[in-house]
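This report refers to the structure that appears directly beneath it.
Taken together, the values in this text are just the output of simple stated rules run on the coordinates, not laboratory data. What you see is a predicted model, and the numbers here were worked out from it, not measured in a lab. Here the Cβ is made from the backbone with ideal geometry for all residues, glycine too, and neighbour counts use every protein chain on show.
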Amino acid sequence: MPEGFDYSVTAKGLIPGAVYDVKAYPLEESSDYGTVTSYTLGTLTADSEGELSGFYDLAGGGYDWEITVENAGEVILQTHPQDAAGFGVSA
């Protein structure tokens, strides 16, 4: 059984020196929908691009998230919730 979510996010076309939060928002199909508003996966300071990777420990259940890159609370980049590659995780 999976123990968590190993992730890597690369964002391009960012403002040099700006600070960005990378977040995961549970979608309706996710087992944590309605109980968790969002997860902050990390923060990055960009040159023209930024990269963030890590591991998020999860309890058992099915997870379906939308990943965003945000600056001062404004979504700059986001995954498409219907992306065929998806960000669904079974744990």
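Roughly how many nanometres apart are two label points built 7 Å out from the Cα toward the Cβ at E51 and I15?
2.4 nm
At 0.36 nm per residue, minus the direct Cα-Cα distance, what do V75 and Y33 gain on full extension? Give it in nm, one decimal, please.
Working: separation 42, 0.36 × 42 = 15.12 nm, distance 1.95 nm.
Taking 0.36 nm per residue and subtracting the Cα distance, the gain is 13.2 nm.
Run the dipole for the range 4-85 about the Cα centre, Lys and Arg Cβ at +1, Asp and Glu Cβ at -1, nothing else charged, and hand back the magnitude in debye, nearest 20. Intermediate values should be presented prior to the final figure.
Working: 2 positive and 14 negative charges, 30 e Å.
Magnitude of the dipole: close to 140 debye.
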